[in-house]
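A short write-up of the structure that comes next.
Computed from the coordinates by the stated procedures, all read-outs in this text should not be read as laboratory data. Keep in mind the model is a prediction, meaning the values are calculated, not measured. Cβ coordinates were reconstructed from backbone atoms using ideal geometry, including for glycine residues, and neighbour counts include every protein chain displayed.
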Amino acid sequence: MNLFSTEICTEKCRGPWIFASRKKEPGASIRSADAAIVVAVIQRAGEEACLVMTREFRAPLGAYELSLPSGLIDAGESATDAAIREFNEETGMTLSRVVRVSPPLASSAGLTDETVALVYGEASGSISREHQTEHEDIEVRLASIADIRKLLGSEQSDIISSRLYPILVGYMSAGAITLPIIDG
């Protein structure tokens, strides 16, 4: 992690700004995402569709975070390839079909130049911690519409990720857990 200082120069303000970056040079590679976030839906025969979520202790928060499976994109790797790899590592499940990949999206533009890609797809298989790395202690949760309503309607001891919250609200508002329509 690197800290950079830059000069802001707009019509309304001028001054220094400090931000964090994983890159050696700020602003490098903004056309490709740094990380992939997986919005995976699993629907087993005869069961309701569920969103695959994660619960993981996050040291900077000092608390558990409810989020989506995610991870950094390795050099030479596509967002789809990273999503497939990270999804399997964190959940033990397979991202069996990818239906949409977002363009690079700002993660927290006031703090970092990191961008992420949302990768939407279908999940299959069984939950397992077998492929988690030594520093990962991730609990996988499958959330139905009823679970989402309950989660959004109650006081939480866990912090809900800003990446997850709009997905939850969207599914709750729609009354169904579905993937985006495939183009063409």
For a quick check, take a GNM of the chain with Cα springs below 10 Å and name the residue from Gly62, Gly121, Gly170 with the largest mean-square fluctuation.
Gly62
Using amide H atoms built 1.01 Å from N in the peptide plane, name the residues 5+ places from Arg100, or on other chains, whose amide H lies under 5 Å from its own.
Tyr120
Amide H of Ile160 versus every other amide H placed in the peptide plane: which residues, excluding those fewer than 5 positions away on the same chain, fall under 5 Å?
Leu66
Taking H as built 1.01 Å from N, whose amide H comes closer than 5 Å to the amide H of Thr112, not counting residues under 5 places away?
Ala20
May I ask you to order 95-107, 150-162 by the average number of other C-beta atoms within 10 Å around their residues, highest value first?
95-107, 150-162
Computed lengthening from His135 to Gln43, 0.36 nm per intervening residue step minus Cα-Cα distance:
30.2 nm
Here are some values of mean projected area of the Cα convex hull in nm²: (i) 15.2; (ii) 16.3; (iii) 13.4. Which one was computed from this structure?
(iii)
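At 0.36 nm per residue, and after removing the present C-alpha to C-alpha distance, how many nm does the segment from Asp81 to Arg55 gain when stretched out fully?
Gain in length upon complete extension: 7.1 nm.
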With springs only between Cα atoms under 10 Å apart, run a GNM on the chain and tell me which of Met93, Met172, Met53 wobbles the most.
Met172
Karplus-derived HN-Hα couplings along segment 119-136 (A = 6.51, B = -1.76, C = 1.60, θ = phi - 60°), whole Hz, x at Gly and Pro
10, 9, x, 9, 9, 8, x, 10, 5, 7, 9, 4, 9, 5, 6, 4, 9, 9
What list of ³J(HN,Hα) couplings, whole Hz, do you get for segment 55-64 from phi and the Karplus terms 6.51, -1.76, 1.60, once you set θ to phi - 60° and write x for glycine and proline?
10, 9, 6, 10, 3, x, 8, x, 7, 7
Go ahead and estimate [θ] at 222 nm for the chain from helices alone: -39,500 (n - 2.57) per DSSP H run with n ≥ 4, summed, over the residue count, rounded to 500.
-5000 deg cm²/dmol
Please find, in a Gaussian network model of the chain (springs between Cα atoms separated by less than 10 Å), the residue of Ala117, Ala49, Ala36 whose mean-square fluctuation is greatest.
Ala49
Cys13-Ser157 FRET efficiency (beta carbon distance; Förster radius 41 Å; 0.05 resolution)
0.60
